[in-house]
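The values are calculated or read from the model by the stated rules, or taken from the named source; none is laboratory data. Please read all numbers here as calculations on a predicted model, not as lab measurements. Cβ coordinates were reconstructed from backbone atoms using ideal geometry, including for glycine residues, and neighbour counts include every protein chain displayed.
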Amino acid sequence: MEDVAPVRTRAEAAARARTIVDRWAKTAYLTGWIPGAALALTAADAVMIRQVAAAFGIEVFDMESVKAHLGGLLASSVGGGLASEVMGTIPVIGWIAKSVVLGLKAEGLGAGIIEYFRVRSPLPE
C-alpha cells in the first residue's frame, strides 16, 4: 500500500480520487481483452467506489444508496461488462473493442462516483 498524506480539502480529495479512477481505468484498458475480465472488473468497480469514498473522507456509506443514486451507471456497468464479454469472442478486433469499452466504463463510473462523494464529503471546500 502506498503511503500518502491525508487530504485536507475536497479539491485535494478530487485529485486523489481522479488518480484512483485513472488507475482502475488503465487496468481495464490493459486487461479487458482477457476472457472473463468484464466480470472481474465489474467486481473491481466496488473496490474503486470504496477507494474514492475514502479519498473524500467517507469511510462508511450505504452501497444501496450509491446504487440508487447512480443506478443507471451501475446497471450500465454490469450490462457493458456482459456485452463486452460477447465482443471478446471476436479475435483481435473484438478484444480491442472489449478493452476500450471496459476502460470507458470505468472512467464514466468513476466520474459519477467522484461527483457523488464530492457533494457528500465532510471535507471543507
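If the condition is being surrounded by fewer than 17 Cβ atoms within 10 Å (Cβ to Cβ), modelled with pLDDT of 80 or more and in a helix (DSSP H, G or I), then the stretch 56-96 contributes Ile93, Gly94, Ile96. The set of residues in the stretch 17-39 being surrounded by fewer than 15 Cβ atoms within 10 Å (Cβ to Cβ) and part of a helix (DSSP H, G or I) consists of Thr19, Asp22, Arg23, Lys26, Leu30, Leu39. Taken over the stretch 111-125, the residue count meeting the criterion of being touching a Phe, Trp or Tyr at 6+ places or on another chain (Cβ under 7 Å) and part of a helix (DSSP H, G or I) is 2.
Condition first: among the polar types (S, T, N, Q) and within 16 Å of Ala40 (Cβ to Cβ). Now tell me which residues in the stretch 83-97 satisfy that. Residue satisfying the conditions is Ser84 alone.
Of all the residues in the stretch 40-49, those that are surrounded by 14 or more Cβ atoms within 10 Å (Cβ to Cβ) and either at pLDDT 95 or above or within 19 Å of Arg118 (Cα to Cα) (or both) number 3.
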